[in-house]
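A.B. asks: Got a structure here, written out as structure tokens. Questions coming.
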Amino acid sequence: MNKRNLAIDLFRGLTMALMVFVNDFWAILDVPHWMEHFKTMEDGMGLSDIVYPMFLFAMGMSVPYPIERRYAKGYTGEETIRHIFSRTVALLLMGAFIVNSEAGVAWNKGIYWLLMVAGFFLVWNQYPKDFRPAKGLRIAGTVLLTGLALAYRSPDGGLFRSSWWGILGLIGWAYLPCALAFLFLKGDFSKLTGFWLLTLLLCVLNASPAIPAGFSVRAVILGFWPGGWTHPALCASGMFTSLLLIRFGDKPRNLVSYFFTFALAMFLLGMLSHRYWIISKIQATPTWLFFCVAVSVALFDLLYWIADVKARTRWARPIAPAGTATLTCYTIPYIWYAVQQLLGLHWPDVLTAGIPGLLKALAFSFVIIGLTWTFGKIHLKLKI
């Protein structure tokens, strides 16, 4: 299990490339509806509604490997628990800083973004092992982020707050129960399969009127987890996919069939649940969950067949840095947007609408991945 899985890196890289692409839609007019986020009560999902769950799925696929590597290196269970909580806290903090910027900054959003990213890299950069100033830089980054949080004011005078935690924060809340489950259940396939099925059940129960809203068990079991249980269910589905990979990886051609069957089963569950709930990302309905898992597993199955069965990976080199330095790739656009704002730079009008705008967003995605590669070459890589 210590060896990196190419298909997982490819899936994560493709997901990150898509996320940078769709996150740039805010600056483009006339984006086709099928590529946008669907509204709360609109029955359906666009490309933008699939990328975030793919990110959660990719996070889940990555859960078993670092935990097993830590055990292989001699870390204890207590140390691994602390590591899991430190990763969660890092994601929550990053998410909170980003979501506060989305609410607006009273003094200057561009400066806020630059200070925020500087703080992220100072605290969570993967410094070389023999780099002595690392501790001092992490302390400086902690002071910087603390000061930034205290100085923050929204346009209406509001203080720094967690709000809905942002994308990274919700990923952190989804990661925590899955990582702890893998740790405490000791990687046992059967028990973790039960955990995965439990998360699906909790998602369905949370959306079902079977348990009345005023009943205490709903508040205790279903309602307390930030973002609900749909997000952990997406992460757990990714973890279950990795468990299949670990268990049956010695028979790659059979595994392709298993993944296809898994994707088909999730698609059929989506069709069944569509009788009771609409497809809605914002409501995090079970229907949305099942269809997103089906898409994620099917895509991973395709990538696994290409990378592991056919051993063809050269085509993926342009997106490779996004798969191995995902957090860095997610953060760099804020530097770009900050520089644009502070220097008053604007894209030509022809690149802000329709197909030219989409091509610009696609090119922007590859530029960000290229910058991610460049950052890695100068030892700037976020790692939690």
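A.B. asks: In terms of the Cα gyration tensor, with a ≥ b ≥ c the square roots of its eigenvalues, is the stretch 253-375 rounded because a/c is under 1.5, prolate because a/b exceeds b/c, or oblate?
C.D. replies: Oblate is the answer for the stretch 253-375, as a/c is 1.5 or above yet b/c matches or exceeds a/b.
A.B. asks: Can you work out ³J(HN,Hα) from phi for every residue in the stretch 45-55, in order, using Karplus 6.51 cos²θ - 1.76 cosθ + 1.60 and θ = phi - 60°, giving whole Hz and x for Gly and Pro?
C.D. replies: Those phi angles translate into 8, x, 3, 5, 7, 9, 5, 4, x, 5, 4 Hz.
A.B. asks: While we're on this one: Normalising by the residue count of the chain, find the relative contact order in percent from Cα pairs under 8 Å and 6+ residues apart.
C.D. replies: Reported relative contact order: 31 percent.
A.B. asks: When the convex hull of the Cα atoms of the stretch 75-195 is projected onto a plane and the area is averaged over all directions, what value comes out in nm²?
C.D. replies: 9.2
A.B. asks: Loop only per DSSP, at most 13 neighbouring Cβ atoms within 10 Å: give me the trypsin sites (Lys or Arg not before Pro) in the stretch 305-339, ordered by residue number.
C.D. replies: For trypsin sites (Lys or Arg not before Pro) across the stretch 305-339 that sit outside H, G, I, E and B with at most 13 neighbouring Cβ atoms in 10 Å, the list reads Lys310, Arg312.
A.B. asks: Sticking with this structure for a sec: How far apart, in nm, are the 7 Å Cα→Cβ label points at Leu343 and Ser154?
C.D. replies: 3.2
A.B. asks: With θ set to phi - 60°, apply the Karplus curve 6.51 cos²θ - 1.76 cosθ + 1.60 along the stretch 334-351 and write out the HN-Hα couplings as whole Hz, x wherever there is a Gly or Pro.
C.D. replies: Going residue by residue, I get 5, 5, 4, 5, 5, 4, 4, 5, 5, 8, x, 8, 9, 6, x, 3, 5, 9 Hz, with x marking Gly and Pro.
A.B. asks: Roughly what percent of Cα-Cα pairs across the stretch 119-160 reach past 14 Å?
C.D. replies: Roughly 53 percent, rounded to a whole number.
A.B. asks: Beyond 19 Å, what share of the Cα-Cα pairs of the stretch 161-315 remains, rounded to the nearest whole percent?
C.D. replies: Every Cα pair in the stretch 161-315 considered, those over 19 Å come to 58 percent.
A.B. asks: Can you list the HN-Hα couplings for the stretch 162-171, worked out from phi with the Karplus curve (6.51, -1.76, 1.60; θ = phi - 60°), rounded to whole Hz and with x for Gly and Pro?
C.D. replies: 6, 6, 9, 6, x, 4, 5, x, 5, 5
A.B. asks: Next up: Mind checking which lysines have their Cα closer than 16 Å to the Cα of Lys251? Skip sequence neighbours fewer than 8 apart in that chain.
C.D. replies: Answer for Lys251, where 16 Å is the Cα cut-off: Lys310, listed by chain and number.
A.B. asks: Heavy-atom accessible area per residue, the chain, 1.4 Å probe: how many Å²?
C.D. replies: I get 48 Å² per residue for this part.
A.B. asks: Moving on. Using per-residue counts of other Cβ atoms within 10 Å, averaged over each peptide, order 145-157, 180-192 from highest down.
C.D. replies: 180-192, 145-157
A.B. asks: Checking the cross-link filter: which aspartates and glutamates have an alpha carbon closer than 19 Å to that of Lys191, excluding same-chain neighbours under 8 positions apart?
C.D. replies: Glu68
A.B. asks: Per 0.36 nm of contour for each residue apart, how much would the distance between Ser257 and Gln283 grow if the chain were fully extended, relative to their Cα-Cα spacing?
C.D. replies: Difference between extended and current length: 6.1 nm.
A.B. asks: Take each of the peptides 257-264, 131-138, 96-103, average the number of other beta-carbon atoms within 10 Å over its residues, and list them starting from the highest.
C.D. replies: Averaged packing, sorted descending, gives the order 96-103, 257-264, 131-138.
A.B. asks: Take the alpha-carbon centre of the stretch 277-356, take the same for the stretch 132-160, and report the distance between them in whole Å.
C.D. replies: Each part reduced to its Cα centre gives a spacing of 29 Å.
A.B. asks: Then there is this: With springs only between Cα atoms under 10 Å, which of Leu14, Leu29, Leu362 fluctuates most in a Gaussian network model of the chain?
C.D. replies: Result: Leu29 has the largest fluctuation of those listed.
A.B. asks: Give me the percent of accessible area attributable to carbon and sulfur for the chain, probe 1.4 angstrom.
C.D. replies: 66
A.B. asks: Given the DSSP H assignment, sum -39500 (n - 2.57) over each helix run of at least 4 residues in the chain and divide by its residue total; what's the result at 222 nm in deg cm²/dmol, nearest 500?
C.D. replies: -22000 deg cm²/dmol, from helical runs alone.
The values are calculated or read from the model by the stated rules, or taken from the named source; none is laboratory data. Everything quoted here is computed from the prediction, not taken from an experiment. Note that we place each Cβ from the backbone using ideal geometry, even for glycine, and neighbour counts take in every protein chain shown. Calculation scope for accessible area: heavy atoms of the full protein, side chains included, ligands and nucleic acids excluded. Shrake-Rupley method; radii C 1.70, N 1.55, O 1.52, S 1.80 Å.
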